[in-house]
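Here the structure comes first, spelled out in structure tokens, and everything after it is commentary.
The values are calculated or read from the model by the stated rules, or taken from the named source; none is laboratory data. Here the structure is a predicted model, which is why all the values come from computation and not from measurement. Protein only, heavy atoms only, side chains kept; ligands, DNA and RNA dropped before computing areas. Shrake-Rupley method; radii C 1.70, N 1.55, O 1.52, S 1.80 Å.
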Amino acid sequence: MKYSAAVTSSRRKNRKAHFSADSESRRKIMSATLSKDLREKYSVRAMPIRKDDEVLVVRGAIANAFARLNPVKKDEDSAAVTSSRRKNRKAHFSADSESRRKIMSATLSKDLREKYSVRAMPIRKDDEVLVVRGAFKNREGKVMQCYRKKFVIHVERCVTDKVNKQQVQVGIHPSNVMITKLKLDKDRLNLLNRKRVEKDGAAAVSQTEVNMAGVD
């Protein structure tokens with residue numbers, strides 16, 4: 001396959017071609033993207049820019065200064081959403097304790113989903129879980145500790161032996177377990193009710209159910 005003689009991956013040749021381009025080539029190089037409304041209207045993504053066009057500066061020092069003087073109100077959801085892997089990892093590992101509580105959520109068992117009309121809940125100490133994947137698969141036990149610093153939980157009987165024969169807990173990520181029994185209290189009751197309100201026809205959890213679970 002033969003490539004065009006004008007195409008090269010050499011940085012030196014590309015810079016030379018760019019800065020020594022004739023007027024017609026420079027007109028095409030100086031193209032700008034169209035706004036969303038214009039793209040939908042004309043089905044064209046970009047056009048060579050010309051005098052009397054109205055533009056919006058979207059990058060650079062002028063754009064930053066304009067944004068500071070005329071802040072644009074953004075939706076709370078869109079302001080926090082990014083597709084950058086670097087920013088998402090930074091947000092994940094530098095999250096505060098409350099955010100980590102939500103991140104450390106686990107799915108409910110089928111019976112609990114049908115009973116409470118809720119798919120998942122932040123896991124907490126004294127919940128009963130079933131490990132569904134990993135070295136301790138199919139092992140049931142009570143959550144002994146939620147170690148938010150490491151994003152793991154400690155489940156009873158999920159231990160390993162050290163060289164000196166001492167047993168230590170093995171951290172399990174909440175995504176690898178399924179909650180089979182909830183530790184219900186007043187705060188969790190309110191959370192379940194808030195989640196159920198979002199679904200049509202879901203009745204609120206009564207205080208009687210909490211009392212039956214062994215909570216005063």
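Ligands, DNA and RNA aside, Met178 has an accessible area near 50 Å² when probed at 1.4 Å.
Output ³J(HN,Hα) for the stretch 154-168: one whole-Hz value per residue in order, computed from phi by the Karplus curve 6.51 cos²θ - 1.76 cosθ + 1.60 with θ = phi - 60°, and x for Gly and Pro. Couplings: 10, 10, 4, 6, 9, 10, 9, 9, 7, 4, 8, 6, 7, 8, 10 Hz.
Ordered from longest to shortest, the equivalent ellipsoid semi-axes for the stretch 99-171 are 25, 15, 9 Å, each the square root of 5 times a Cα gyration tensor eigenvalue. Under 5 Å between amide hydrogens, built in the peptide plane, is the criterion, and for Lys181 it picks out Glu128 among residues at least 5 positions away or on other chains. Note on Lys186: lysines with a C-alpha under 19 Å away, same-chain residues under 8 apart excluded, are Lys102, Lys115, Lys125, Lys195. With the whole protein complex present, Leu189 retains an accessible surface near 10 Å², based on a 1.4 Å probe.
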